[in-house]
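Here the structure comes first, spelled out in structure tokens, and everything after it is commentary.
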Amino acid sequence: MTDPLPAPAQTMSAAITSYRGYVNGKLDMLTGQVLTLKASIGNNDLDAARRQWLDAQLTWQRVGAAYGSFGELGDAINGLPNGLPKGTSDPGFTGLHRIEFGLYNGQGPGQLTPVAATLLADIDKLRGQLNALTIDPTDLPIRCHEILEDSLRDNLSGNNDQGSGMALALTAADVDGTRVVLAILGAMINRLHPGYAATVSTSVDRLANALAGTRTDGQWPVYRTAALSVRQPVTGALGAALELLAFVPVLFSSDD
């Protein structure tokens, strides 16, 4: 991630304020990316649209710890067809993964332009409501662990995959989101357990390096067809990082 990490916060209230500012910036970026994506879809330039979809999806992944607070709008922007009566054909399947499904399953401007327009409207609604959304003070420490836990459950299991095979890219973006939360909480983590923030960050860096090592000529491999030798270093580093990250919410739960 090229964006600078947020400054460490001294209180949870300051941490939440800092995170809101970070998310606002990401939603601004996402709006621009989806506008570009919509234009490529409308021009039937679907090769460009696939690249632009991935850029937009990675930006959403980097939102990280806040998306549990987004409710129905979060589902509209990044929901899956799982559990919907008509599956991928259900009108309730919208957003980034709906566009992914269409781009990798032979759909074109007729089907996808309205989806992109709805996605833009939903992102705009979320930006308008962001400052009024409640982020529980306990949420950031919990999400510090759960971002990558969800990545293991959803990305590397294939649950999120709607045709692109970009599980490793999405996991790398989740690493970025985790780093942001660690940066904000780092000062508080160190007050509760001196040196622990650096220990966790080192483990997360190892995971980032393992993910980067899967790329060839700057391209992410399709995870479902990648060799075991490509996948194993990632899953091993992810497991080690999760073991350390699991202690972060415990630290805060014991803070009186």
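Since every read-out is calculated from the coordinates, none of them should be taken as a lab result. Source: prediction; values computed, not measured. Here the Cβ positions follow ideal geometry from the backbone for every residue, glycine too, while neighbour counts run over all protein chains shown.
Among residues other than Ala116 whose Cβ falls under 11 Å from its Cβ, what is the net charge (Lys/Arg +1, Asp/Glu -1)?
Working: positive: Lys38, Arg98; negative: Asp122.
The answer is +1.
Between Asp3 and Arg224, 0.36 nm times their residue separation minus their Cα-Cα distance comes to what?
Details: separation 221, 0.36 × 221 = 79.56 nm, distance 2.96 nm.
Taking Asp3 through Arg224 to full extension adds about 76.6 nm, to one decimal.
Remind me, relative contact order of the chain in percent, using alpha carbon pairs under 8 angstrom and six or more residues apart?
Computed over the chain, the figure is 23 percent.
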Note to self: Along the Cα→Cβ direction, 7 angstrom out, place labels at Val250 and Lys86. What is the inter-label distance in nm?
What the structure shows: 4.8
Checklist line | Cα-centre dipole for the chain with unit charges at Cβ (Lys and Arg positive, Asp and Glu negative), debye to 20 | finding: 340
Check: Which residues in segment 119-143 have a backbone N closer than 19 Å to a point placed 7 Å from the Cα of Arg191 along the Cα-to-Cβ line?
Finding: 136-143
Checklist line | Relative compactness, segment 56-176, computed as alpha-carbon Rg over 2.2 N^0.38 Å | finding: 1.06
Margin query: Please enumerate, by chain and number, the lysines with C-alpha under 17 Å from the C-alpha of Lys125, excluding those fewer than 8 residues away in the same chain.
Written below: Lys26
Next item on the list: Arrange Val115, Val222, Val23, Val230 by Cβ neighbour counts within 10 Å, fewest through most, would you?
Entry: Val222, Val230, Val115, Val23
